[in-house]
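Here the structure is laid out as structure tokens; the discussion comes afterwards.
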Amino acid sequence: MTLRALPRLRRMALVIVGAAAVALTVALGVSRPWMPPAETAPVAAAQNDISPAPLTLPEHPRVLVFGDSWTYGSAATPRTEGYAYLLADLLDGETVVDGVRGSGYQKPGIDGPDYGTRIRSLDAAIAPDLIIVQGSINDRREDAAPFPAAVDTAWDALTSTFPDVPIVVLGPAPHELPVGAGTARIDRDLARLAAERLWWYISPVQDRWITAANYLDVIDVDAGRKHPSNAGHEYLAEKVYQALEGFMSAPVTAADGTAQQPAK
């Protein structure tokens, strides 16, 4: 049995319909001002053959949450509804929030200097049971070459002030989609540097916390200037809490590749 060729008019109609579909797709893409042109897809975060030790916290922990405007609570109303504040109830503890808008490891912020300078001024009397270092997308337009050194310097200062405190690094979360090349680079660098220190790393980029499906539910693109809305901050707090729970129950992978369950 042979297939009959489509009549000429029908073939022309299919071509016209196909062209219209492509035009509609382009128009829909253009109509999303919160989605800039695609840059570079994120590359998988660095992996380490040896996993960090399981995270252990006291019953009512004090957590220092250090970061940029997302930690500050930008776009939350009031800003104490930001994820860093909401995390306290989820952990049944207390959070000490240190967020400076616009700041990064290289970039000074609106309300204070860069991460390294801010960390060196932290008071050891805070005595946290856990430190979460968040961000930062604010370094995405800075020179990429000095970034790892700036991170290492900041983290060295952190461990010097709080030598026995576990540290979790919360990587940058995309404020717009698709994820920009600079944000993806920062995510890769931080993942690698955290792995080298055997610190836990949370990657909102790799774990796809923010996608086209939930973007407008999480990010306030109007008055919030692409920061999380109240609902977005609540969502982020839940995601961070879930990640911490996972670190507390994760088995340890030893150098020989064997898995060891955390001590109870």
Legend entry - Matching option when the condition is within 21 Å of Tyr241 (Cβ to Cβ) and in a loop (DSSP other than H, G, I, E, B), among Pro113, Pro163, Pro174: Pro174
Inset, instruction - Of the numbered conditions (1) of a type outside the set (Val, Ile, Thr); (2) touching a residue at least 60 places away in the same chain (Cβ under 8 Å); (3) crowded, with 17+ Cβ neighbours inside 10 Å; (4) farther than 25 Å from Ala231 by Cβ, Gly104 fails exactly one; give the number of that condition. - result: (2)
Inset, instruction - Of the numbered conditions (1) at pLDDT 60 or above; (2) surrounded by 15 or more Cβ atoms within 10 Å (Cβ to Cβ), Ala46 fails exactly one; give the number of that condition. - result: (1)
Inset, instruction - Go through Gly116, Gly73, Gly93 for me and flag whichever is at pLDDT below 95 and not charged (D, E, K, R). - result: Gly73
Inset, instruction - Could you identify the single residue in Leu177, Leu193 that is more than 13 Å from the chain's Cα centre (by Cα) and either within 26 Å of Val218 (Cβ to Cβ) or among the basic types (Lys, Arg) (or both)? - result: Leu177
Legend entry - Residue satisfying condition, being closer than 25 Å to His60 by Cα and among the hydroxyl-bearing types (Ser, Thr, Tyr), within set Thr159, Thr183: Thr159
Inset, instruction - Go through Thr95, Thr71 for me and flag whichever is of a type in the set (S, T, N, Q), assigned to a strand (DSSP E or B) and either within 19 Å of the chain's Cα centre (by Cα) or surrounded by 22 or more Cβ atoms within 10 Å (Cβ to Cβ) (or both). - result: Thr95
Inset, instruction - Keeping to segment 116-146, report how many residues are assigned to a helix (DSSP H, G or I) and hydroxyl-bearing (Ser, Thr, Tyr). - result: 1
Inset, instruction - Take the residues in segment 53-68 that are open to solvent by less than 20 Å² (accessible area, probe 1.4 Å) and not hydrophobic (A, V, I, L, M, F, W, C), then tell me which one is farthest from Ser103 (Cα to Cα). - result: Pro61
Inset, instruction - Could you check, for segment 30-41, whether at least one of its residues is assigned to a strand (DSSP E or B), open to solvent by 60 Å² or more (accessible area, probe 1.4 Å) and at pLDDT 50 or above? - result: no
Legend entry - Cβ-Cβ under 6 Å pairs, at least 6 apart or on other chains, segment 187-216 side without any contact (Cβ under 8 Å) to a residue 60 or more places away in the chain and over 18 Å from Leu244 (Cα atoms), far side polar (S, T, N, Q) and in a helix (DSSP H, G or I): none
Inset, instruction - Considering (1) open to solvent by 30 Å² or more (accessible area, probe 1.4 Å); (2) modelled with pLDDT of 65 or more; (3) hydroxyl-bearing (Ser, Thr, Tyr), say which one Ser229 fails and leave the rest. - result: (1)
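For (1) more than 13 Å from Ile119 (Cβ to Cβ); (2) without any contact (Cβ under 8 Å) to a residue 60 or more places away in the chain, each residue gets a yes or a no:
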site: Glu142; (1), (2): yes, yes
site: Asp156; (1), (2): no, yes
site: Thr161; (1), (2): no, yes
site: Val168; (1), (2): yes, no
site: Pro172; (1), (2): yes, yes
Legend entry - Flag if Ala195 is in a helix (DSSP H, G or I) and either open to solvent by 10 Å² or more (accessible area, probe 1.4 Å) or not basic (Lys, Arg) (or both): yes
Inset, instruction - Confirm whether Val218 is over 20 Å from Tyr83 (Cα atoms) and crowded, with 18+ Cβ neighbours inside 10 Å. - result: no
Legend entry - Cβ-Cβ under 8 Å pairs, at least 6 apart or on other chains, segment 76-95 side charged (D, E, K, R), far side assigned to a helix (DSSP H, G or I) and open to solvent by 70 Å² or more (accessible area, probe 1.4 Å): Glu81/Glu234
Legend entry - Residue match in segment 241-258 (condition: within 19 Å of Arg101 (Cα to Cα), open to solvent by less than 20 Å² (accessible area, probe 1.4 Å) and among the hydrophobic types (A, V, I, L, M, F, W, C)): no
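The values are calculated or read from the model by the stated rules, or taken from the named source; none is laboratory data. Please read all numbers here as calculations on a predicted model, not as lab measurements. Here the Cβ is made from the backbone with ideal geometry for all residues, glycine too, and neighbour counts use every protein chain on show. Surface accessibility is based on the protein's heavy atoms, side chains included, excluding ligands, DNA and RNA. Shrake-Rupley method; radii C 1.70, N 1.55, O 1.52, S 1.80 Å.
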